[in-house]
Amino acid sequence: VGVYGIVLALALSAAAADAGRTAASRDATVSLSAKRRAETLVRQMTLDEKIAALHGVGTREHQRYVPGVARLRVPPLVITNGPAGISAGDDPVQPAATALPAPLALAASWDRGLARRYGSTIGDEARALGANLVEGPDLDIARVPAHGRTFEAFGEDPYLTGQIGANEVTGIQSRGVVAQVKHFVGNNQETNRLTINAVVAPRVLREIYLPPYEAAIRGGRVGSVMCAYNLINRVHSCEDEWLLGDVLRRDFGFRGFVMSDFGATHSTVASAKGGLDLEMPTG
């Protein structure tokens, strides 16, 4: 996927923005489908520009972003964190972000429609912030009582997590913003989360940890997945060819792009071959 998937996300976002302009001021490729538009842009990019599109930058007006290509009118891919609403950073000129109820409270409602409304609110505010992608929702399963981020996911039930998550994704993406489910996969504790090796049997992965992601892909058509810090059965999440290739893309039919958590990239060749598309600093 690589550059193509990232530029496709930008093409979708730029097409939404172009829709409000006069015909004379629109990008010459706006009449094309998003897929054709991305293909056209990638063919015109230099090797250096393609390489730059595979590496994110830490801050841009207190946000994360992927550099654009000004000469081709490709804007930066601006990223904002979630998942309990968006993060507007600490810049006083940025729009205020609504502090939404904790996602765990959303899950307690058992309400798919409310999850879509929750997501559409996040999508609206992300657009107001100028962001193209929201790092959320969080689909981590609650397994460790002391895990400090349990509140920002949907609890311990894989089916409920998948249903609420898929509908939140639908809400976010209905506003022309890419949703990114995280942290793929087995990222279930804060202690040593940068280095821990999660030993999980394939059946347990299939029955507990992976179903929410499958629901978000099949039901929500999520645009991006964030791979996690931890290792799974001694393989770093962001270079696990079985998880990112066989499971995510082949079995679940994922067509978006995979982005690393910040500092979760531990290799160049292995990550590229394993299925990582976008490295975020500082890997």
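For region 30-53, enumerate the residues that are under 14 Å from Leu278 (Cα atoms) and either in contact (Cβ under 8 Å) with a residue 12 or more places away in the chain or basic (Lys, Arg) (or both).
Residues satisfying the conditions are Glu49, Lys50, Ala52, Ala53.
I need the full set of residues from region 242-271 which are more than 19 Å from Gly223 (Cα to Cα) and surrounded by fewer than 18 Cβ atoms within 10 Å (Cβ to Cβ), in order please.
Hits for region 242-271 are Trp242, Gly263, His266, Ser267, Thr268, Val269, Ala270.
Exactly one condition in (1) modelled with pLDDT under 85; (2) out of contact with any helix residue (DSSP H, G or I) (no Cβ under 9 Å at 6 or more places or on another chain) is false for Ala70; which is it?
(1)
I need every pair where a residue in region 97-109 that is within 19 Å of Gln163 (Cα to Cα) and part of a helix (DSSP H, G or I) has its Cβ under 8 Å from the Cβ of a residue that is aromatic (Phe, Trp, Tyr) and open to solvent by 60 Å² or more (accessible area, probe 1.4 Å), sequence separation at least 6 or different chains.
Pro103/Phe151; Leu104/Phe151
From the list Gly155, Gly162, exactly one residue is modelled with pLDDT of 95 or more and either farther than 15 Å from Pro83 by Cα or part of a helix (DSSP H, G or I) (or both). Which is it?
None of the others qualify; the one that does is Gly162.
Which residue pairs have Cβ atoms under 6 Å apart, sit 6 or more places apart or on different chains, and have a first residue in region 233-251 that is farther than 12 Å from Thr265 by Cβ and a second that is in a helix (DSSP H, G or I)?
That search, which allows pairs on different chains as well, returns Asp240/Gly274; Glu241/Gly274; Leu244/Gly274.
Every residue in region 54-86 that is free of Cβ contacts under 8 Å to residues at least 60 places away in the same chain, of a type in the set (A, V, I, L, M) and within 16 Å of Val3 (Cβ to Cβ), please.
Val69, Leu72
Taking the criterion of being without any contact (Cβ under 8 Å) to a residue 40 or more places away in the chain, within 22 Å of Ile141 (Cα to Cα) and in contact with an Asp or Glu (Cβ under 8 Å, 6 or more places away or on another chain), would at least one residue in region 261-275 satisfy it?
Within region 261-275 (the criterion being without any contact (Cβ under 8 Å) to a residue 40 or more places away in the chain, within 22 Å of Ile141 (Cα to Cα) and in contact with an Asp or Glu (Cβ under 8 Å, 6 or more places away or on another chain)), the answer is no, since none of the residues qualifies.
What is the residue count in region 231-283 for residues that are modelled with pLDDT of 95 or more, of a type in the set (Val, Ile, Thr), over 22 Å from Leu133 (Cα atoms) and not in a helix (DSSP H, G or I)?
Within region 231-283, residues that are modelled with pLDDT of 95 or more, of a type in the set (Val, Ile, Thr), over 22 Å from Leu133 (Cα atoms) and not in a helix (DSSP H, G or I) number 2.
Of the conditions (1) open to solvent by 50 Å² or more (accessible area, probe 1.4 Å); (2) closer than 19 Å to Leu104 by Cβ, Val199 satisfies every one except a single condition; which number is it?
Answer for Val199: the failing condition is (2).
Across region 110-127, what is the number of residues that are open to solvent by less than 70 Å² (accessible area, probe 1.4 Å) and either assigned to a helix (DSSP H, G or I) or among the hydroxyl-bearing types (Ser, Thr, Tyr) (or both)?
11
Based on this model, can you work out whether Asp48 counts as farther than 25 Å from Asn81 by Cα and either among the small types (Gly, Ala, Ser) or modelled with pLDDT of 60 or more (or both)?
yes
Select, from Ile172, Ile217, the only residue that is within 25 Å of Leu54 (Cα to Cα), open to solvent by 10 Å² or more (accessible area, probe 1.4 Å), β-branched (Val, Ile, Thr) and at pLDDT 95 or above.
It is Ile217.
Evaluate region 206-214: report whether one residue or more is in a helix (DSSP H, G or I), over 20 Å from Phe262 (Cα atoms) and free of Cβ contacts under 8 Å to residues at least 24 places away in the same chain.
Looking through region 206-214, at least one residue is in a helix (DSSP H, G or I), over 20 Å from Phe262 (Cα atoms) and free of Cβ contacts under 8 Å to residues at least 24 places away in the same chain.
Scan region 33-87 for residues that are aliphatic (A, V, I, L, M), under 16 Å from Val178 (Cβ atoms) and either open to solvent by 60 Å² or more (accessible area, probe 1.4 Å) or not in a helix (DSSP H, G or I) (or both) and report the count. Can you show your working first?
From region 33-87, those aliphatic (A, V, I, L, M) are 34, 38, 41-42, 45, 47, 51-54, 57, 66, 69-70, 72, 74, 77-79, 84, 86; that's our starting set.
From what is left, the residues that are under 16 Å from Val178 (Cβ atoms) are 34, 38, 53, 66, 74, 77-79, 86.
Right, trim to either open to solvent by 60 Å² or more (accessible area, probe 1.4 Å) or not in a helix (DSSP H, G or I) (or both) and you get 53, 66, 74, 77-79, 86.
Total satisfying the criteria: 7.
Return the residues of region 131-152 that are in a loop (DSSP other than H, G, I, E, B) and either without any contact (Cβ under 8 Å) to a residue 60 or more places away in the chain or charged (D, E, K, R) (or both); say none if nothing qualifies.
Asp140, Ala142, Arg143, Val144, Pro145, Ala146, His147, Gly148, Arg149
The values are calculated or read from the model by the stated rules, or taken from the named source; none is laboratory data. All values reported here derive from a predicted model rather than from experimental measurement. Note that each Cβ is placed from the backbone with ideal geometry, even for glycine, and that neighbours are counted across all protein chains shown. What goes into the accessible areas is simple: the full protein's heavy atoms, side chains included, and nothing from ligands, DNA or RNA. Shrake-Rupley method; radii C 1.70, N 1.55, O 1.52, S 1.80 Å.
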